[in-house]
Amino acid sequence: MSKKLRVATTSLAGCFGCHMSFLDIDERLLTLLDLVEFDRSPINDIKHCGPCDIGIIEGGVCNAENVHVLHEFRKNCKILIAIGACAINGGLPAQRNHLDLGSCLTEVYLTEPGLAHGHIPNDPELPLPLDKVHPLHEVVKIDYFIPGCPPSGDAIWKFLTDLIAGKTPELGHGLIKYD
Amino acid sequence: MSDTFQLDGAAVPFEPGQTVMQAALAAGHYIPHLCYHPEFKPHGSCKLCTIKVNGRTTASCTMPAEAGLSVESDIEELNALRRTLVQMLFAEGNHFCPSCEKSGNCVLQALGYDLEVHATGFRHLYPDRPIDASHPDILLDFNRCVLCELCVRASSEVDGKNVFALAGRGITKHLIVNSESGLLKDTDIALTDKAMEVCPVGVILKKRVGFSQPIGERRYDQRPISAQALDDAPRQTGTGGSCAACEDPS
Ligand code: SF4
Ligand code: SF4
Ligand code: FES
């Protein structure tokens, strides 16, 4: 049997919904595990990504740490896949993009009723937010996109099995979804 | 016996005065389109319907049918261009489908599905376009406007009103409301207006009915737009009346 493909996954500015949907492939996960092994992923808690065949990234880029993780994935993965609405167009987090970041933080932490004596978090542990939320393809080259919020387990399965079989992944009616 | 032209190798009959689009749809051949609507004069702006006629590209919704034309439509070269147009429309506005009431019933989204558009690929503009919620029964979300002018045409041609207009040019072109305040509440728009039915995307929305249809039962959950557009097409020239595209999903 040929060597297993090495796959890494992560969530940046996402809600882990795409990862949950990935788990919705249910018992097909066992079939997948015959073909692939996991590198960095929330599934195994490996913290850094080594050389991989496929990287799958959920969520857009909203802070400095997201940029570093995305570059780590791009450097290590032969094929990088953006999964879900947020990775593809910024999604819900990007709905702040037409607003000034400073005024967002002021409103949330200082002027909203009940938060009048709050302060804008500035712990050095916290990654700095970016001025705008970016889809992944605005930061690094992305090879494939699986749309959906989240894409269904069936869509993810179809996409990955096409890709692993060496075919251009196609979703088709019923599996391609932007919502 | 009517004349015919060739569309992707098939003979398509047409009546005098029909466009290539009208004749093709009436004969059961789908050509992707966004600003064309069977009940209105063609607008020719979105270019989704671009075909090649005798080797030259043109909009099929405005091109008069002529005997002997050799038309290509469903070819990879044109479908790639159509994908790019859809992608640019997505990048130009703010299209967050998961939180859009029109999702599942949206023509732009359905075109993206049918053309296998997986991502926008362009740098998103994220424009700042405040919504107009001034009217008690109607919400305007300008973030999703594709400038097809169908609401403008419906309001003036069918409703005999003049509620909407397009203003500006190029990238600054945008939909405006024709009232002194610029707000919808100060117009004579009514829920029963044709202008309420025609928007292909999620701009002109009835309040308090959003998300009432479960996912799986919305229009384009059922069948792709390429199949449904043929249902909407008038089968003979001159038949007016309703079309499924204008049916209220609620
Ligand atoms: S108008 Fe259509 S494409 Fe735009 S957000 Fe709504 S469903 Fe999506
Ligand atoms: S509001 Fe809707 S119908 Fe009017 S121009 Fe915009 S997209 Fe077209
Ligand atoms: S449908 Fe012909 S240009 Fe829009």
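The values are calculated or read from the model by the stated rules, or taken from the named source; none is laboratory data. What you see is a predicted model; the values in this text were computed from it and never measured. Every residue, glycine among them, receives a Cβ derived from its backbone with ideal geometry; neighbour counts consider all protein chains shown. Surface areas here come from the heavy atoms of the whole protein model, side chains and all, with no ligands, DNA or RNA. Shrake-Rupley method; radii C 1.70, N 1.55, O 1.52, S 1.80 Å.
Distance from the alpha carbon centroid of region A:30-55 to that of region B:23-94 works out to 44 angstrom. The figure for B:Ser2 is an accessible area of roughly 40 square angstrom, using a 1.4 Å probe on the protein chains alone.
When restricted to Cα atoms, the protein assembly as shown yields an Rg and a Dmax of 24.0, 82 Å, respectively.
Buried between B and A is an accessible area of approximately 2200 Å², summed over both sides with a 1.4 Å probe. Note that region A:1-148 shows a convex hull volume over its alpha carbon atoms of 129 Å³ per residue. Subtracting the Cα-Cα distance of B:Glu66 and B:Leu81 from their residue separation scaled by 0.36 nm leaves 2.9 nm. Overall, the accessible surface of the protein assembly as shown at a probe of 1.4 angstrom is composed of carbon and sulfur to the extent of 55 percent.
Over all directions, the projected convex hull of the C-alpha atoms in chain B averages 13.7 nm² in area. Under the simplified labelling scheme, the B:Arg123-B:Lys185 pair shows an inter-label distance of 3.9 nm, with each label point 7 Å from Cα along Cα→Cβ. First check a/c for region A:15-100, with a ≥ b ≥ c the square roots of the eigenvalues of its C-alpha gyration tensor; if it is under 1.5, answer rounded, and if not, answer prolate when a/b is larger than b/c or oblate otherwise. Since a/c reaches 1.5 but b/c is at least a/b, the shape of region A:15-100 is classed as oblate. Annotation: B:Ser181 carries an accessible surface of approximately 60 Å², with a 1.4 Å probe and no ligand, DNA or RNA atoms counted. A simple rule links phi to the HN-Hα coupling: the Karplus curve 6.51 cos²θ - 1.76 cosθ + 1.60 with θ = phi - 60°, which for region A:90-106 gives x, x, 4, x, 6, 6, 8, 5, 8, 10, 6, 4, x, 6, 4, 5, 4 Hz, with x for Gly and Pro. If you sort the three axes of the alpha carbon gyration tensor as a ≥ b ≥ c, you get a/c of 1.5 or more for region B:165-206 and a/b no higher than b/c, which makes it oblate. At the residue level, B:Asp8 shows approximately 70 square angstrom of accessible surface with a 1.4 angstrom probe and all protein chains present. Restricting the calculation to alpha carbons of region B:4-74 gives Rg and Dmax of 10.7, 29 angstrom. To the nearest 0.05, how large is the calculated FRET efficiency for B:Thr57 and A:Leu126 if R₀ is 60 Å and r is the Cβ-Cβ distance? E between B:Thr57 and A:Leu126, to the nearest 0.05, is 0.70. With chain B treated as a Gaussian network of Cα nodes joined by springs under 10 Å, which of B:Ala24, B:Ala59, B:Ala190 yields the largest mean-square fluctuation? Looking only at B:Ala24, B:Ala59, B:Ala190, the largest GNM fluctuation is found for B:Ala190. Under the simplified labelling scheme, the B:Val158-A:Asp154 pair shows an inter-label distance of 3.4 nm, with each label point 7 Å from Cα along Cα→Cβ. Each of B:Leu108, B:Tyr126, B:Ala65 was placed along the dipole of chain B (beta-carbon charges, centred on the mean Cα), and the one lying farthest toward the positive end is B:Tyr126. Computed from the alpha carbon positions, the gyration tensor of region B:78-138 leads to an equivalent ellipsoid with semi-axes of 24, 15, 9 Å, biggest first.
Under 26 Å of direct C-alpha separation, and excluding same-chain neighbours fewer than eight residues apart, B:Lys194 reaches these lysines: B:Lys41, B:Lys47, B:Lys102, B:Lys161, B:Lys173, B:Lys185, B:Lys206, B:Lys207. If you sort B:Arg218, B:Arg169, A:Arg74 by accessible surface, 1.4 Å probe, largest first, the order is B:Arg169, A:Arg74, B:Arg218. Our coupling estimate for region B:70-82, obtained by passing each phi through the Karplus curve with A = 6.51, B = -1.76, C = 1.60 and θ = phi - 60°, is 10, 10, 10, 9, 8, 10, 4, 4, 6, 5, 5, 5, 4 Hz, Gly and Pro reported as x.
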